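To keep things clear, I will list the structure first and then write my remarks on it.
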Amino acid sequence: MMSSQIGNVSRCLLLTLTTASLIVACNLTLPESGEINSPGKEAIERSSVNIYSSRLYNTDDLIYENFTEQTGIEVNLIEGQADELIEIIQNEGVTSPADILITVDAGRLWRAAESGMFAPVESEVLEAKIPKNLQDPDNLWFGYSKIARVIIYNQAKVNPQQLSSYQALANPQWQGKLIIRAADNVYNQSLVAGMIEQQGEKLTEQWIESLVANFAPLPQGEDTSPIEEVAAGRADLTLANTDYFARYEDNPEVFEQVGVFFPNQDENGVHVNISGAGLLSNAPNKDNAIAFLEYLASPEAQELFAFGSNEYPAVEGIPANPVVIDFGEFKEEQTNVASYGRNNAAAVKIMNRAGWK
C-alpha cells in the first residue's frame, strides 16, 4: 500500500477490512500472516514520537509539523477509530511502539485508563495549564480542547426565551418536536453520564423517560443530520456539539435558520466534552511523548485546535475561532469529565430502560 507524507508527519491510516480483521496502511509492510505490523521500536532510529490518533482532522497536521519544527522530534502518526486503536495497542502489549493515544470524548479516555493503558505524567506545565476538571485525577490523561453540547433551535419556530435547561426539554410542550441522535452516540452517553454525576440515577432516569416521549423521528448520521432537520423545519430542536454546527458557517440555508442556546446557565452550566491524550504505559519514547503532551498545551497548539477544528481551547486566555465566539459566552459545568466514563455503564442502562433507541 502507498504511504502519504505530510511535511514531517509520517501518516498511517487504519482501515477496517472486515469486522474481524484490521490492517494499517502506511509505509509499513504487512506480513504474509496478515498480522498488524506497526513501526517496531527497533525501526525508530531518529528522535521521534509515535502517536495513535482517532482525531481524523487534516488540520491537526499543522500541530504535528510545528512540534517537529520546534523540537526536531519527528511524528509517526497512525490514525483510526478510537476503539480500533485501543484494541491494537492492547494486542501489541509490551511490544507496542505507541507513545501517545489521542482521542475524542472523556469517556473513551477513562476506559483506556481503566484498562491500564496509560502511565501517569508528572508535569508542572500540564498541571498549571489544563483545568483540573479536564484532566484525569491521577494524571493519566489531559484534555486539550473542548466542545459544548448545546440546544440548536429553529429560529422561525422557537423563541429562545422558551428555553432554559436540558431538563426542560422533557416538558410536554416539546412533544414530537425534539430530534436527537441515537442512544449509541458517545456524546449523548456522556451527557447522560454527566447528569448522573450531578443529580443521581433516579432523577436522570425520570428525565430521560419524559425526554424520550418528546422525540421526533430520528434521522441517520452524526450531529449534522439533526441540525439539518431543524434548519428545514422538520423538527424544532436538537442537541449538538458546537464544533459540528460551526461547520455550517458557509451554508446559509442551515446556519441562518437556526440559533444556538447554551442550557443550564442559571444552574451548573452547559455540558462540555473534550479531546485529550495520554502517555502509554509501554511508550518507547517517553521523554519525547511528554514533550509533545506539553506542547499541546502551548498557545500555538491551542490556537491550532481552535481555528483548525472549531473547538474551544482548554487553556484559559487562548482565543477561540470567531465563528464559535459568535455563539456567545457561556458558563460551563465543572464536573470532572472523568465521570463520563465512570458513569457510562449506568447511563447506557438507563437510556435502554427508558426507550432511548
Solvent-accessible area per residue, Å², over the chain with all protein chains present [probe radius 1.4 Å]: 43
Radius 15 Å from Cβ of Gln81, net charge of other residues (Lys, Arg +1; Asp, Glu -1): -4
Portion, in percent, of the accessible area of the chain that falls on carbon or sulfur, probe 1.4 Å: 47
Long pairs among Lys129/Lys286; Lys177/Lys331; Lys331/Lys357, criterion Cα-Cα beyond 22 Å: Lys177/Lys331; Lys331/Lys357
Of Pro299, Leu203, Pro252, farthest towards positive along the dipole that unit charges on Lys, Arg, Asp, Glu beta carbons give the chain: Leu203
Packing-based ranking, highest mean first, of 209-217, 278-286 given that Cβ atoms within 10 Å are counted: 278-286, 209-217
Under 5 Å, built H, 5+ apart or other chain: amide partners of Ile180: Ala216
Where labels lie 7 Å past Cα in the beta-carbon direction, separation of Gln81 and Arg234 in nm: 2.4
Extension gain, Lys132 back to Gln265 (0.36 nm per residue minus Cα-Cα distance, nm): 45.8 nm
Degrees, to the nearest 10: 186-212 long Cα axis against longest axis of the chain: 30
Packing rank of 162-170, 118-126, where each peptide gets the mean count of other beta carbons within 10 Å, highest leading: 162-170, 118-126
Nearest-ten-degree value, helix 299-309 long axis tilted from longest Cα axis of the chain: 60
Shape of the stretch 227-315, Cα gyration tensor, a/c cut at 1.5: prolate
Gained length - Gln198 relative to Ala345, 0.36 nm times residue gap less alpha-carbon distance: 51.3 nm
Positive minus negative residues near Asn264 (Lys, Arg vs Asp, Glu; Cβ under 9 Å): -2
Förster-model FRET efficiency, 30 Å R0, Ile325 and Val125, C-beta, rounded to 0.05: 0.70
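The values are calculated or read from the model by the stated rules, or taken from the named source; none is laboratory data. In this text, all values refer to a predicted model and were calculated from it rather than measured experimentally. FYI the Cβ positions are ideal-geometry reconstructions off the backbone, even for glycines, and counts take in every protein chain you see. These accessible areas exclude ligands, DNA and RNA; they are computed on the full protein's heavy atoms, side chains included. Shrake-Rupley method; radii C 1.70, N 1.55, O 1.52, S 1.80 Å.
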